[in-house]
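Below: the structure, in structure tokens.
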Amino acid sequence: MIEALSIKIANLIKSNIGGVDEEKEEVLIYGLDIIIYNSFLLVFFFLSALILGILKFVAISFVVYGSLRIAAGGAHARTRTLCFIISLITFFGPILISNLFLISSTIPAFIIFIANILAIIIYAPADTLEKPIISKKIRFYRKLSSLAIVVIIFLIALSVHNNDKVIYNVILFSDIPFLLLLTPLGYKLLGCSPGKSEIGLL
């Protein structure tokens, strides 16, 4: 269904805009396919969260995980079924765990913060074979932005610690999937190949 919709939209764009050859059309269909699929996925998750009465927590998990993933990258699921399962665990898992095992100490926040910093320094930005990050300048800025986001998330977690333990826990647990998928273990678990760009500070 998504592929058929992508083709229809691509044909509509092609008929109204000149200069779209066969190669560009394939790229356009591929891009539309990703956008439409992710849009359906987000609508499903947020609608489900709204019905379950946990929209606020899912939104927090999405912002924490999403901001880190956009900046630092990491492994990606090779099938949509696996992508759906990983997304389900990523967005709803932290809320479930936070309600079952509520952490009141700030020590885990410092541990996760240090682990994230080290992982970003070593691995970020983590690309894939399909979408390698070749530019050293882009790699440097994405690493820098990843570090900045981790610091901001850490400070926010500490600031809400005394006021709302659930939100504090959701922030902490939302960091863990990002941390896992940034490492070689995450690539191995998802059967994803890292890009050929060098791992390091640049």
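Annotations
- Portion, in percent, of the accessible area of the range 103-202 that falls on carbon or sulfur, probe 1.4 Å: 73
- Scaling against 2.2 N^0.38 Å puts the C-alpha radius of gyration of the range 33-101 at 1.11.
- Heavy-atom accessible surface of the chain, averaged per residue, reaches 58 Å², computed with a 1.4 Å probe.
- Quotient of C-alpha Rg and 2.2 N^0.38 Å, computed over the chain: 1.14
- Spin-label model distance (nm) - Phe84 vs Val43, 7 Å beyond Cα toward Cβ: 1.5
- With the convex hull drawn over the C-alpha atoms of the range 127-202, the volume per residue is 91 Å³.
- The length gained on full extension between Ile138 and Ser105, counted as 0.36 nm times the residue separation minus their Cα-Cα distance, comes to 8.2 nm.
- What separates the Cα centres of the range 120-186 and the range 41-69 is a distance of 17 Å.
- For the range 1-121, the alpha-carbon radius of gyration amounts to 1.39 times the rule-of-thumb value 2.2 N^0.38 Å expected for a compact globular protein.
- Label-point gap, in nm, between Met1 and Leu50 - each point 7 angstrom along Cα→Cβ: 1.8
- Figure note: Val170, Val160 ranked by solvent-accessible area, largest first, 1.4 Å probe, ligands and nucleic acids not counted: Val160, Val170.
The values are calculated or read from the model by the stated rules, or taken from the named source; none is laboratory data. This is a predicted model, so every value here is computed, not measured. Reconstructed Cβ throughout: ideal geometry from the backbone, glycine too, with neighbour counts over all protein chains shown. Side chains included, ligands, DNA and RNA excluded: accessible areas come from the protein's heavy atoms. Shrake-Rupley method; radii C 1.70, N 1.55, O 1.52, S 1.80 Å.
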